[in-house]
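Here's the structure we're looking at; comments come further down.
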Amino acid sequence: MFGGDVHVVWEKFCRYFDVEPRIVPLERGKYTIGPDDVSPHIDENTIGVAAVLGTTFTGHKDDIVGINDLLLQIKSERGLDIPLHVDGASGGFVWPFLYPHSEWDFRLEQVHSINVSGHKFGLVYPGIGWLIFREPSDLNRDLVFEENYLGKTDATFTLNFSTGSSMVLAQYYNFVRYGRAGYTYIMRHMQQNARALAEKLQSMGRFELIGPDEEQLPLVAFRLSGDNDYDEFDIAWQLSAERGWMVPAYTLPPNAQDIKIMRALVKETLSREHVDTLARDIEEACATLEKKGGAHESERRKIMTGPGH
Ligand SMILES: Cc1ncc(COP(=O)(O)O)c(C=O)c1O
């Protein structure tokens with residue numbers, strides 16, 4: 001079971017592997033899940049709970065500590081030992097450096113597995129991802145196949161067989177080259193730039209920031225406040241068409257699907273100077289849209305179908 005704040009990969013997993021998903025819907029103003037959401041969905045058939053560290057939608061984390069406590073309580077009271085998986089695709093390379101005291105990992109007893117994408121904040125090109133188990137017994141032996149085609153016995157448990165090793169080397173290089181101090185420096189740098197952008201957006205008086213005071217990925221999630229003749233999708237189009245920025249607008253999953261938000265991901269390549277330019281371009285895009293009363297119908301069609309349609 002998991003919240004509506006998960007990435008689409010979780011719904012894919014359930015469909016492909018014929019697992020019944022129990023999905024906690026989001027609500028207006030509540031875009032992550034906690035123990036009270038999880039509790040009613042647990043029963044003796046629950047194979048696991050997945051919690052997100054750094055959601056795709058707003059960059060926040062589920063209440064992983066609270067969910068772990070709930071699972072411990074269920075274990076002691078009902079004898080159900082339900083593993084907690086943490087989807088740290090985006091947050092796994094951020095939290096250890098920005099929020100080292102915040103617990104979301106194997107410090108929590110029920111966390112048995114963690115995935116993290118190297119090609120996000122691990123700072124490597126796509127595609128490399130990591131899946132880490134708490135202990136060898138967490139990986140069912142039935143899923144591991146042994147072969148010796150390459151001259152020695154290898155264990156394989158991925159769906160495909162041959163894959164390139166260059167990204168593994170690139171990830172390894174970054175670990176050695178940057179170390180903990182380097183990753184911390186880079187993450188803080190991105191966080192500072194995200195905060196600078198957030199302040200600029202706030203001071204425009206047009207936007208509401210989503211959870212800026214909570215632990216969050218280095219990004220700014222925001223939406224228009226008040227009544228306007230244009231919406232977030234119009235701004236995304238205007239920014240991309242006129243200035244080449246890719247600041248996506250999207251709707252949140254059910255039951256918050258009427259909420260439109262935008263997300264500016266602040267990566268290493270977005271310098272402090274770029275932040276000023278982006279803020280200025282957002283302000284200008286809004287001013288233009290205000291004058292013309294929103295994006296034109298034909299422009300809107302391009303936003304919905306993408307270029308070339
Ligand atoms: C929370 C979360 N989980 C899973 C994924 C999928 O990870 P990957 O693209 O490395 O397959 C993403 C983003 O793509 C994500 O943000």
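Taken about its Cα centre, the chain carries a charge dipole of roughly 1020 debye when the Cβ of each Lys and Arg holds +1 and the Cβ of each Asp and Glu holds -1. Counting only complete DSSP H runs, which helices of the chain cover 15 Å or more along their long axis at the Cα atoms and score a mean Kyte-Doolittle of -0.5 or above? Correct list, ordered by number: 64-78, 166-204, 232-243.
What order, most packed first, do the peptides 100-111, 61-72 have when packing is the mean number of other Cβ atoms within 10 Å of each residue?
So the peptides 100-111, 61-72, ranked by packing, come out 61-72, 100-111.
If you take the charge dipole of the stretch 170-285 about its Cα centre, with +1 on Lys and Arg Cβ and -1 on Asp and Glu Cβ, which of V176, N193, P254 is farthest toward its positive end? Going by the charge dipole, the pick is V176. Bridges between two residues of the chain, per DSSP, are antiparallel at a rate of about 65%. Considering all C-alpha pairs of the stretch 23-128, those separated by over 25 Å amount to 22%. About its Cα centre, the dipole of the stretch 189-304 is roughly 280 debye, where the only charges are +1 on Lys and Arg Cβ and -1 on Asp and Glu Cβ. Annotation: the stretch 189-304 has a Kirkwood hydrodynamic radius of 14.4 angstrom, from the mean reciprocal C-alpha pair distance.
Peptides 13-19, 150-156, 258-264 ranked from most to least packed by the mean count of surrounding Cβ atoms within 10 Å: 258-264, 13-19, 150-156. Rg and Dmax of the chain, both derived from C-alpha coordinates alone, stand at 21.4, 70 Å. Judged by the mean number of other Cβ atoms found within 10 Å, the most tightly packed of the peptides 84-92, 200-208, 213-221 leads the ranking 84-92, 213-221, 200-208.
Here L72 and D36 are evaluated by their C-beta separation; at R0 = 22 Å the FRET efficiency comes out at 0.90.
What's the lysine pair count for the chain at a Cα cut-off below 19 Å, pairs eight or more apart or interchain? Taking the chain as the scope, the lysine pair count is 8.
Leaving out ligands, DNA and RNA, and with a 1.4 Å probe, what % of the accessible surface on the chain is carbon or sulfur? Whole-percent figure for carbon plus sulfur exposure: 52.
The values are calculated or read from the model by the stated rules, or taken from the named source; none is laboratory data. Not measured: the values here are computed from a predicted model. With ideal geometry, Cβ positions are generated from the backbone for all residues, glycine too; neighbour counts draw on all protein chains shown. Remember, those area values only see protein heavy atoms, side chains included, never the ligands or the DNA or RNA. Shrake-Rupley method; radii C 1.70, N 1.55, O 1.52, S 1.80 Å.
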